[in-house]
Each structure stands twice: as C-alpha cells, then as structure tokens.
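Enquirer: Below are the structure tokens for one structure; questions will follow.
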Amino acid sequence: MEHGALPVFVSVLGLSLALCSSQTYVLDDKAGLGRVFDGVGGLSGGGATSRLLVNYAEPYRSQILDYLFKPNFGASLHILKVEIGGDAQTTDGTEPSHMHYENDENYFRGYEWWLMKEAKKRNPNITLIGLPWAFPGWVGHGKNWPYDFPDITAAYVVNWILGAKQYHDLDIQYVGIWNERNYDSKYIKLLRYTLDKNSLEGVRIIASDNLWEPIAVSLLLDPELSRAVDVIGAHYPGTTTVKEAVKTQKKLWSSEDYSTFNNEVGGGCWARILNQNYVNGLMTATISWNLVASYYEQLPFGRDGLMTAEEPWSGNYVVESPIWITAHTTQFTQPGWTYLQTVGHLSQGGSYVALTDGKGNLTVVIETMTHDHSVCIRPPLPAFNVTAQNAAFLLKGSFASIKELQVWRSQFNFKSKKPSFYEKLTPLKLLDGSFTLNLAEDEVYTLTTVTTGCKGSYADPPASAPFPKVYKDNFDVRNPPFTEAPDFADQTGVFEYYINMTDPGPHVFTLRQVVTQRPVTWASDADQTISVIGDYQWQNLTITCDVFMESVKTGGVFIAARVDRGGESTRGTKGVFFWVFADGTYKVTNDLAGQTVLAEGQSGTRAYGWHTLSLTVNGQYASGLLNGYPLWKNAVVLTPKNGWAAIGTHSFELAQFDNFAVVADK
C-alpha cells in the first residue's frame, strides 16, 4: 500500500474531479502474488437446513436453485458442502444415513444427493464437500465416540463417497472429519489410507472443522498427519488465524461461517467477512452456514441462510441481501484465481481485495461496512470505525494498461431505509491506470475487467401464506423414493416412506420410523423420536393418524399438538402428546419426555395391529379418540398456547404411520 497525493484529474465513476489529496492504494503483481483463491460456498445440512426446499413445486424450486448456483445469475456459488447424514439431530433436524445399520446401504435417502446433482447441473465446476456431524449407533458400537473403531468409521465415510460416484456420478472433492468435535490423528491417517485404497487419491481431507488449534500444532509436529491433511478448516474464525496455521503452509479455509439472520445486517456481516477473511486471516475459501433457510423459522437459527425458502406449500421465497453480496465476488472470480499481495484495509475503515486469473483479468472488491451494520452472530465483533472517504487506486505491473473497469455497487443505506443491491453502474474509464472512488459507509463495490456479470431475476413468486389449515397425507405418493414425506421435519429419528409388503390391505404405503439405536450424536438427542409439521401458530386443531407399533415389549407411539420446540432443544419439548403403548395402555402428557401426565389408563392397544388416534385441542382442553371411540376427554392444557403438530415413538423403535390429517381453526 502506498500513500500520497494525486495532483491529477482522475475518474470517479465517470466523473472527473480535481483532488488535492486522496489516499492511494496500489494494485500490483510485480512482486508476485498471494494465495490461490478456492471459492465461496454454502452449507446444506448441519441440521436439515434444506429440508423444505425439495418439496417446492416447479418452477419455484428451480428458480431458487438458479439464484444459488447458476453462474452469472445470483450467488453463483463455487462450493457446495453437505452433511453426511447420521440419523441424529444436528441443529434443526436429522438427516438420514446411507447406512442405518451395518448391513444396510441405500444411496437414495434424503435430499443432499438431489441437491448436489442440481448444483452440478448448473455449475459443472462446483466443488463438492462432505462432512459428518453424527453417525449411526452401530458405527460407535453403542458408544458416543466414532474413533474407538476408526476402521469402521473410515469405511462408513468412504462408502458415502463411493456411493456418490456409483449412484449419482458425483465426484466428492473434499471430506471432513467430525464437525466441531475433537479430532483423532490416528483416524485421520486411517481415513487417508482408506481413501487411497479405494482409488480416491484425489479426495482431499479437511481438518478439523472446529478451531485453528490444536490441529495446526499437530500438523507441525506430525509429518505423517501433515501429509494426510490438505486444508485446515476453522469455524467462525472472526476473520483471523494463528501463526501456527500459517506456518503449516496448508490451505486455510473458513469452512463454516456467517450463521446470521439474513436481513441487511446479515448481508453486512457477509460482505465484511468475505473480504476480511483473506485480508486478516489469509483464508482462501469461506462457506456460509447455511446455504438456504429452508426449514421452519421457529427452529434454531431461523432464516440464517443466504436466502429464504421456507414455504413450499405457497411457493413463496425471498432473495435476501446475502445473495447479491455473494455475487460481488463469485460472478467475477473463480477458484484458481490468485489474490494479489496488495490487499488490505482502507484508511478510514473497510477493506479491499484484488484477484487475477493470470491472464490479464483483474477483480477488485471493496467493502465499507460499519460495525453495527455488519455484526455476525459469532464471534463477538470488536469495536472499529468506518467513515466516508475518497480512495484512489493505482494499477501497476501487468494491470497498468487496463483502460476500463466494469462497476457493480450495493448500498445498504441504513439511514434512508432504501437499500439497493448489486446495481450495474457506468463502466469506469481509467486515466494512467488510476481511479478514485467516493466511498460512503456501508457500501460494497466490485470493479472488474470481467464483463459477464448479471443480476438474474424471475417474476415474483407467489405471496407468502400460512401452512394450510386442512392438511392430509396418506403417504401413497413418493417422489423420489426413500425420502421423508413432504413438510415433515424429523427432529430425532428418521421417518421414511415404506412399502409394507406383508399388508395387502389399506396400509401398503406408510411412513416408518427406522432408527432403532441411539446414534453417535452431535447434539443432545431426545430419548424419543419426533417429526414436526405445520404452522407454529396453530392453537386449536384436530390431528388424526393411523399407527402401527412393531415393538412388542417397549412399543409406544404418539401424535401431538402445540409442540413448542425442536432442534437442539428437542429433549425439552412441551405440547399435548397422546401416547398409546403395546402393553395396552395410553397416556396424555404435557411434554415429550412424558414427565407431566394429564391423563392415563387402559387402551387395549397392541403391537402389530393398526389403530386410529385422534387428538383434539381447543382452548385449555384436549380430548382423544381411539379407533373412533372416546378414550379420554377434557384434559386441562395450560401451556404451551401454540405449536406444531407431530408424530413419534416412545424410543428408538420401528413404527409406522398412515393417513395423517390435520384440521386447524388457527
């Protein structure tokens, strides 16, 4: 960076101004380049965060995907990172494993395969990453620790990578260890060995998806471990790194970041860290958790995605500010470009980065986000000041001959309340390689030789609407197979479409809870399984469902109303739960754990027989029917006042559900 006076006429977005003094920043490649850029990405999973996306009807589903992945249209993401489902709660829900049991393999469960293929369809060059948050219980042999049997864990992960290629023609390029949990050096080495043994030498390992330390120190002390790991991935690094990580000479990634409500402040957070992760921490990739807020908003971290798509029943979605902030970088760079060494902070606050493809193209991204308008949910943000400023840039080296730059601008305009995002301005004519910008607070600029940028758009999607008050699903329609039923959000356990080959009657196609052993958990899973659905504001409603218990000794199932929480708080969920058990009893409780009993008695219910449950909640009273006959009535319900509907089981056990229906007054 050079400072000094520019006693010349320079162009300010097409206007010539006489400046007696202006801060000058030199962009030069004569002294060499910085680190190679690896891209900007989004994370699907880490808690079933794309759960509702697959249920959107066309054309809205494809439009959402275009805003995320289509080059030169919206976010144009370079990286898609997905959860390797482990049958356990991982923030906003569970994602199904490809191996529920040791002798079970199925590479069509869940929606991550579909999502990766859709991303690849739009951007064939997109980088794909897999990372486990949890593991099926058999991997840990009943212990909550996957490293006791590292060969089993490594084979389990490698099977997922092999299945991606065999069944979906997807090449996974990077794989992680265990999200935000302790790493095990022996396991990492064994994972590398297992990958190589299966002709997956090209799959690189990221470690440890937690903190810079102690993994960086371990890599410096253990040459074999260092050979196994290609990328140090840190989560929510606050734009800084540590000297030990830099000393390893590994790629440094912010492999999970952002995690912030996607209003304008969230967009400001994203703008600041996309630049400053490299300026301050030499991180060459930044991955947003999460990709798209496509889960019920009342679950943890509601609307923390790059955009919002949480209403498949209406078709409504919202393209939020982080989409366009992403475009400022992604549409004008590609993985394989290189940062200049001349990047840094602006004198009056903010930052700038510059990248080149080595073929004469140059992209400069500038942000002037103020503290209060760029706070991320984590980590805490130290105080700093940003004020309006003139910034002069001087191009040297191979860029000195550039005569024109394309200009794209976003203005958050917090004071006027009228933001404008990703606007194309008049190209900027350079004079002797110089230009000056009059930078206001809370702005983002891209100046580039790349001319292919575009602000894509579609006609407005349908208006937002609440979940239907009348909802029915007999689980007979399944597309694609081996997935969750539309709009059900599993919080513990996994509820899958099932073909009941032994039942020639009306229950051939059902929804089945299939997890029979507590997983190796990431969050604190409840002892019961539960899947929620509907409108969180529902108060008075009737739920009906046919149920089938498959456990003779411990079998128990429920339907529920006014379910008030999920995610990592599922264990403490309250609501109105109507249980029947295989021992011929029933119970009505005010909580999922079954500690607050509102009514109980004999039901005559047994395993391996279908029963129809009906629960009505109206004001402070609840009543239940069994097979059309009153079983209990007028149980007093004081709290909660509202919540989702739900189905579930008393433990990790097999059970089936059919002909689910809700009629809600509110």
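Enquirer: With 35, 51 as the choices, which residue is in contact (Cβ under 8 Å) with a residue 60 or more places away in the chain, touching a Phe, Trp or Tyr at 6+ places or on another chain (Cβ under 6 Å) and buried (at least 21 other Cβ atoms within 10 Å of the Cβ)?
Expert: None of the others qualify; the one that does is 51.
Enquirer: For the structure I just gave you, tell me whether residue 176 is among the small types (Gly, Ala, Ser), under 26 Å from the mean Cα position of the chain (by Cα), surrounded by fewer than 21 Cβ atoms within 10 Å (Cβ to Cβ) and in the same structural domain as residue 282 (by TED's automatic domain parsing).
Expert: no
Enquirer: In segment 396-403, is there at least one residue being farther than 21 Å from residue 39 by Cβ, out of contact with any strand residue (DSSP E or B) (no Cβ under 9 Å at 6 or more places or on another chain) and among the aromatic types (Phe, Trp, Tyr)?
Expert: no
Enquirer: In addition: Scan segment 42-69 residue by residue and report those that are assigned to a loop (DSSP other than H, G, I, E, B) and farther than 18 Å from residue 311 by Cβ.
Expert: Residues satisfying the conditions are 45, 46, 47.
Enquirer: Right, something else. So, in segment 195-225, exactly how many residues are in contact (Cβ under 8 Å) with a residue 24 or more places away in the chain and either closer than 19 Å to residue 378 by Cα or surrounded by fewer than 16 Cβ atoms within 10 Å (Cβ to Cβ) (or both)?
Expert: 12
Enquirer: Would you point out the residue of segment 610-647, among those that are more than 40 Å from the chain's Cα centre (by Cα) and not in a strand (DSSP E or B), that is surrounded by the fewest Cβ atoms within 10 Å (Cβ to Cβ)?
Expert: 628
Enquirer: Output yes when any residue across segment 114-136 is in contact with a Pro (Cβ under 9 Å, 6 or more places away or on another chain), within 22 Å of residue 172 (Cα to Cα) and part of a helix (DSSP H, G or I), and no when none is.
Expert: For segment 114-136, residues in contact with a Pro (Cβ under 9 Å, 6 or more places away or on another chain), within 22 Å of residue 172 (Cα to Cα) and part of a helix (DSSP H, G or I): present.
Enquirer: What number of residues within segment 137-166 are modelled with pLDDT under 95 and either touching a Pro at 6+ places or on another chain (Cβ under 6 Å) or buried (at least 18 other Cβ atoms within 10 Å of the Cβ) (or both)?
Expert: So the answer is 0.
Enquirer: Would you mention how many residues in segment 546-567 are charged (D, E, K, R), more than 9 Å from residue 643 (Cβ to Cβ) and at pLDDT 95 or above?
Expert: Matching residues across segment 546-567 total 2.
Enquirer: Next question. Which fully enclosed strands (runs of 3 or more DSSP E) of segment 261-355 have 1 or more residues being surrounded by 20 or more Cβ atoms within 10 Å (Cβ to Cβ) and free of Cβ contacts under 8 Å to residues at least 60 places away in the same chain? Talk me through it step by step, then tell me what you get.
Expert: Working: elements: 285-289, 308-311, 316-318, 338-340.
Because the criterion is at least 1 residues that are surrounded by 20 or more Cβ atoms within 10 Å (Cβ to Cβ) and free of Cβ contacts under 8 Å to residues at least 60 places away in the same chain, the strands (runs of 3 or more DSSP E) in segment 261-355 that meet it are 308-311.
Enquirer: While we're looking at this one, here's another question. Which of the residues belonging to segment 461-509 are at pLDDT below 95 and of a type in the set (Val, Ile, Thr)?
Expert: Across segment 461-509, the qualifying residues are 477, 483, 499, 502, 508.
Enquirer: Here's another thing I want to ask about it. Taking only segment 178-222 into account, find how many residues are among the small types (Gly, Ala, Ser) and assigned to a helix (DSSP H, G or I).
Expert: Looking only at that region, the number is 3.
Enquirer: On the basis of being part of a strand (DSSP E or B) and either out of contact with any Leu (no Cβ under 7 Å at 6 or more places or on another chain) or surrounded by fewer than 20 Cβ atoms within 10 Å (Cβ to Cβ) (or both), does residue 491 make the cut?
Expert: Answer is yes for this residue.
Enquirer: Check off (1) among the small types (Gly, Ala, Ser); (2) in contact (Cβ under 8 Å) with a residue 40 or more places away in the chain; (3) farther than 21 Å from residue 656 by Cβ; (4) part of a strand (DSSP E or B) for residue 593 and give me the number that stays unchecked.
Expert: Among (1) among the small types (Gly, Ala, Ser); (2) in contact (Cβ under 8 Å) with a residue 40 or more places away in the chain; (3) farther than 21 Å from residue 656 by Cβ; (4) part of a strand (DSSP E or B), the lone unmet condition for residue 593 is (4).
Enquirer: Working carefully through the options 452, 483, find the one that is surrounded by 15 or more Cβ atoms within 10 Å (Cβ to Cβ) and of a type in the set (Val, Ile, Thr).
Expert: On inspection, the qualifying residue turns out to be 483.
The values are calculated or read from the model by the stated rules, or taken from the named source; none is laboratory data. As the structure is a prediction and not an experimental result, all values here were calculated from the model. Here the Cβ is made from the backbone with ideal geometry for all residues, glycine too, and neighbour counts use every protein chain on show.
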